[in-house]
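Take a look at the structure set out below.
The values are calculated or read from the model by the stated rules, or taken from the named source; none is laboratory data. Treat the numbers as computed from the prediction; the structure is a model and nothing was measured. Backbone-built Cβ (ideal geometry, glycine too); neighbour counts: all protein chains shown.
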Amino acid sequence: MLPFFAAHWTLSVLFQSLFQHRYAAHRMFTMTPRAERALHLGTALVQGSSYLDPRAYAILHREHHAYADTVRDPHSPAHHKHLPRMMLETGRRYGGLLTGNVQAEARFTGGYPQWPAVDRFFSSWASRLGFGALYTLVYKRFATRRWHWALLPVHFVMGPVHGAIVNWCGHRYGYRNFKIRDQSRNTLPLDVVCMGELFQNNHHARPASPDFAAKRFELDPTWQVMRLLARLRLIRVSHAPPSQPAAAGERRQRPTRRLLMRRKAHGTPTFECPS
Ligand SMILES: [Zn+2]
Ligand SMILES: [Zn+2]
């Protein structure tokens, strides 16, 4: 069962970092409409019962950057007394954005991918319960030890579990490379557990950089995946990281006439987190 758990954990957080965070919330890279649809659907299938709607995620995350660790931050250990409380309030706001009961400031909206049929279906209880049943069947077939079953509930809420680890630990435990106003920390120098998401201090200091690692000893796995996708010409990285001005994706970003015209019409594609 452990390989299945490890694969679901790693792929879920990789797709969250790549699609919901770096693409939907920050627009750190661009791709063709067909590639965007493939990534959107792939994310939904991988995240399954805890699929995160890219619009609600992007708005919530942009609010987090703009109000980091203040009382208006939707999730911060600085003003939420304990982890369950933070998760509960984050879940409430996310649900409100999903249903339209919560209205966001205009500056936080727009620029994220939307696919109403997919977003509606994978956010429905029918889908959540269906995926939950599927995970249970996998355990029924392959679990060989009793304790394996203790891992099953994590599959149901994988997305919120990753969010809780990143939002709590990334603003509470670890070291800081940059002295900035918020409480963000880098929790692990080699963040393979959350695919680079735990470099919160680096990311808050340089929100437009697609590489969340900032020091030589740090490694951001999702950035390595982005470099590979850029080499394969599946994505175009919008800005090279400060430490690698000639990174692979950046070379392909050399502006074509079409790109220059699109930039003129819509502005630079990266969302730099308004404050
Ligand atoms: Zn943060
Ligand atoms: Zn961010």
* What do you reckon, is residue 275 within 16 Å of ligand 2 (Cβ to nearest atom), at pLDDT below 90 and polar (S, T, N, Q)? -> yes
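Take residue 133 and tell me if it is loosely packed, with under 15 Cβ neighbours inside 10 Å, of a type in the set (Gly, Ala, Ser), part of a helix (DSSP H, G or I) and at pLDDT 95 or above. Lay out the reasoning, then the answer.
Values: loosely packed, with under 15 Cβ neighbours inside 10 Å: yes; of a type in the set (Gly, Ala, Ser): yes; part of a helix (DSSP H, G or I): yes; at pLDDT 95 or above: yes.
Against the criterion (loosely packed, with under 15 Cβ neighbours inside 10 Å, of a type in the set (Gly, Ala, Ser), part of a helix (DSSP H, G or I) and at pLDDT 95 or above), residue 133 qualifies.
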* **Unmet requirement for residue 74, which otherwise passes all of (1) closer than 29 Å to residue 236 by Cα; (2) within 15 Å of ligand 1 (Cβ to nearest atom); (3) in contact with a Ser or Thr (Cβ under 7 Å, 6 or more places away or on another chain)** => (1)
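Among 52, 45, which is the only one that is free of Cβ contacts under 8 Å to residues at least 24 places away in the same chain, among the aliphatic types (A, V, I, L, M), more than 15 Å from ligand 1 (Cβ to nearest atom) and closer than 16 Å to residue 118 by Cβ?
Numbers: 52 fails: free of Cβ contacts under 8 Å to residues at least 24 places away in the same chain.
The unique qualifying residue is 45.
Could we say that residue 154 is of a type outside the set (Asp, Glu), assigned to a helix (DSSP H, G or I), away from ligand 1 (no atom under 16 Å from the Cβ) and within 20 Å of residue 6 (Cα to Cα) here? Spell out how you get there, then give the answer.
Values: of a type outside the set (Asp, Glu): yes; assigned to a helix (DSSP H, G or I): yes; away from ligand 1 (no atom under 16 Å from the Cβ): yes; within 20 Å of residue 6 (Cα to Cα): yes.
Yes.
Taking segment 184-233, which residues are of a type in the set (A, V, I, L, M), closer than 16 Å to residue 17 by Cβ, away from ligand 2 (no atom under 16 Å from the Cβ) and outside any helix (DSSP H, G or I)?
So the first thing to find is which residues in segment 184-233 are of a type in the set (A, V, I, L, M), and the list is 188, 190, 192-193, 195, 198, 205, 208, 213-214, 219, 225-226, 228-230, 232.
If we keep only those that are closer than 16 Å to residue 17 by Cβ too, we end up with 188, 190, 192-193, 195, 198, 208, 213, 219, 225-226, 228-230.
Next, only the ones that are away from ligand 2 (no atom under 16 Å from the Cβ) stay: 188, 190, 192-193, 219, 225, 228-230.
Scanning segment 184-233 gives 188, 190, 192, 193, 219.
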* Asked: Hey, any hits in segment 184-202 for a residue that's over 19 Å from residue 161 (Cβ atoms), within 11 Å of ligand 1 (Cβ to nearest atom) and either of a type in the set (Gly, Ala, Ser) or modelled with pLDDT under 95 (or both)?
  -> yes
* **residue 1 being away from ligand 1 (no atom under 16 Å from the Cβ), touching a helix residue (DSSP H, G or I) at 6+ places or on another chain (Cβ under 8 Å) and modelled with pLDDT under 95** => yes
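Look through 107, 92, 85 and report the one residue that is over 22 Å from residue 36 (Cβ atoms), in contact (Cβ under 8 Å) with a residue 24 or more places away in the chain and either loosely packed, with under 11 Cβ neighbours inside 10 Å or more than 18 Å from the chain's Cα centre (by Cα) (or both).
Numbers: 92 fails: in contact (Cβ under 8 Å) with a residue 24 or more places away in the chain; 85 fails: in contact (Cβ under 8 Å) with a residue 24 or more places away in the chain.
One residue alone meets the criteria, 107.
Considering only segment 112-144, how many residues are of a type in the set (D, E, K, R) and free of Cβ contacts under 8 Å to residues at least 24 places away in the same chain? Even if it seems obvious, please write down each step before you answer.
Going through segment 112-144, the residues of a type in the set (D, E, K, R) turn out to be 119-120, 128, 140-141.
With the extra rule that they be free of Cβ contacts under 8 Å to residues at least 24 places away in the same chain, the set shrinks to 120, 140-141.
Of the residues in segment 112-144, 3 are of a type in the set (D, E, K, R) and free of Cβ contacts under 8 Å to residues at least 24 places away in the same chain.
Hey, could you check segment 10-38 for residues that are more than 13 Å from the chain's Cα centre (by Cα) and of a type in the set (A, V, I, L, M, F, W, C) and say which is nearest to residue 212 (Cα to Cα)? Let's see the steps before the verdict.
As a first pass, look at segment 10-38 and keep what is more than 13 Å from the chain's Cα centre (by Cα): 29-38.
Subset that is of a type in the set (A, V, I, L, M, F, W, C): 29, 31, 35, 38.
Details: 29: 14, 31: 20, 35: 23, 38: 24 Å.
The extreme case among them is 29.
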* Count, please, the residues in segment 158-200 that happen to be among the β-branched types (Val, Ile, Thr) and surrounded by fewer than 17 Cβ atoms within 10 Å (Cβ to Cβ). => 2
